[in-house]
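Worksheet: the structure to be examined is printed underneath.
The values are calculated or read from the model by the stated rules, or taken from the named source; none is laboratory data. Nothing here was measured: the structure is a model prediction, and the numbers come from that model. Cβ placement follows ideal geometry from the backbone for every residue including glycine, while neighbour counts extend to all protein chains displayed.
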Amino acid sequence: MSPAPTDSLLSVPECFIDTPDAWKRFVDEQSSSGRLDVCSIDTEADSMHSYETKLCLIQFSVRDQLAIIDPLKIGLENLTDFPAFIDQYDQVWMHGADYDISMFSMTFEWAPQTILDTQIAARLLGVTRFGLANLLEDEYGIRLSKQSQKADWSKRPLSEKMLDYAFNDVRYLIDLGERFVERLEERGRDEWFFESCYSARNNVFERDSRPESEAWRIAGWGKLSPRGLNYLRHLWQWRDDECRKLDRPAFKFLGNKEVFRMVQNLESDKNPDPPRYLKPQYVRRMHDAIKTAEKVDRKDYPAKRVRGNGIRLEIDEAKFEAIRKFRNQISDELGIEGTVIATRFSMEKLSSNNLPNEEKLDGLMKWQRELLSPVLNL
């Protein structure tokens, strides 16, 4: 299939909105246009550069207009009507919406009710390179620069290169999404798509509702003893305090893998062996945090839990292998990745001996259950 021409998409008018008055005029114009069937949105934040992540840009498109909305210049107090503005639209297209939903949830305690995600659509069509740049190259034959991908979006003024990057993030989404839906309908997967988008949206809200007091449980925590968890909680808090003072994201100060490595050393009664690039004052305060951790009574160590508050799964290995084999067979037949049909954790639950049947199916969508039903015997 040859790439489609992009002239009409490249000629759509663009505007940059950075004052409350300009925002009000834009809302009035769009709301009174009578064209409220579909829009697309994207966000840019400064999570790569600051301790406290903040929403720096909102990109917006309809069929005949592109806009960049600047929350930092307009002020969030003047954007309280943004959720109601977006909720006017019947469909809201996004790409890889997970992070953007989190940003909207954090900023407005809201996210669009009906989000259609081009990344989910691509995966259900069997596309293996489903980053937006890859999709645009495959569909339209264009190559977009990725230079601004890790830019500091909190700095002003924005360069022309950054503005081009931001506009292009939404320029093609509506057209791309509608192409994908047409193909999904042809393959009888459109209902899978709509259910998957709805589920993905809700999963982000469930994940973001995790108590802040549990944020220290970074990847790998389940492997630690209660004593190790106690060290982890204190070292995570030490790092968080340092990052807050420096206004720096955690990964730019000390990555989770390094924190976890030091905790494992402490759990084994070894020296934590901090990285050499840490300045002496940071290391000194780290050792103070370790001393504080060592004063904690054993009964006050953090709870050792498995997979959240759930019980330890007793896996029937033969059943797990049968489900995995069947999933892979279906995956090959449909031409989509196996994890789209069922993740390893989903298959572990399905093959467990100590979960009620209704709990085994938790997390699986209707279309996934139907595909797997021949091997479930529930």
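For this structure, a couple of remarks:
- Of all residues in segment 250-265 being part of a helix (DSSP H, G or I) and touching an Asp or Glu at 6+ places or on another chain (Cβ under 9 Å), the one that is modelled with the lowest pLDDT: A250
- Output for segment 60-94, where each listed residue is hydrophobic (A, V, I, L, M, F, W, C), under 16 Å from C39 (Cα atoms) and crowded, with 16+ Cβ neighbours inside 10 Å: F60, V62, L66, A67, I68, I69, F82, F85, I86, V92, W93, M94
- Of residues in segment 311-363 being of a type in the set (D, E) and under 20 Å from S199 (Cβ atoms), the one surrounded by the fewest Cβ atoms within 10 Å (Cβ to Cβ): E358
- Looking at K319, K366, just one residue is closer than 19 Å to I120 by Cβ and among the basic types (K, R), and that residue is K366.
- Subset of segment 228-257 [over 15 Å from H287 (Cβ atoms) and either crowded, with 19+ Cβ neighbours inside 10 Å or among the aromatic types (F, W, Y) (or both)]: G228, L229, N230, L232, R233, W236, C243, F251, F253
- Here is the figure for segment 210-232: residues that are in contact (Cβ under 8 Å) with a residue 12 or more places away in the chain and over 24 Å from the mean Cα position of the chain (by Cα) total 9.
- Across segment 258-294, the qualifying residues are those that are among the hydroxyl-bearing types (S, T, Y) and either in contact (Cβ under 8 Å) with a residue 24 or more places away in the chain or touching a strand residue (DSSP E or B) at 6+ places or on another chain (Cβ under 7 Å) (or both), and the one among them that is surrounded by the fewest Cβ atoms within 10 Å (Cβ to Cβ) is T292.
- Subset of segment 122-151 (residues that are farther than 24 Å from D7 by Cα and part of a helix (DSSP H, G or I)): R123, L124
- The criterion of being touching a residue at least 40 places away in the same chain (Cβ under 8 Å) and buried (at least 18 other Cβ atoms within 10 Å of the Cβ) holds for R201.
- When segment 214-225 is filtered for residues that are outside any loop (DSSP other than H, G, I, E, B) and either under 12 Å from K257 (Cα atoms) or modelled with pLDDT of 95 or more (or both), only W221 remains.
- Being of a type in the set (G, A, S), surrounded by 21 or more Cβ atoms within 10 Å (Cβ to Cβ), farther than 30 Å from R25 by Cβ and touching a residue at least 24 places away in the same chain (Cβ under 8 Å) holds for only one residue in A122, A97, A111, and it is A122.
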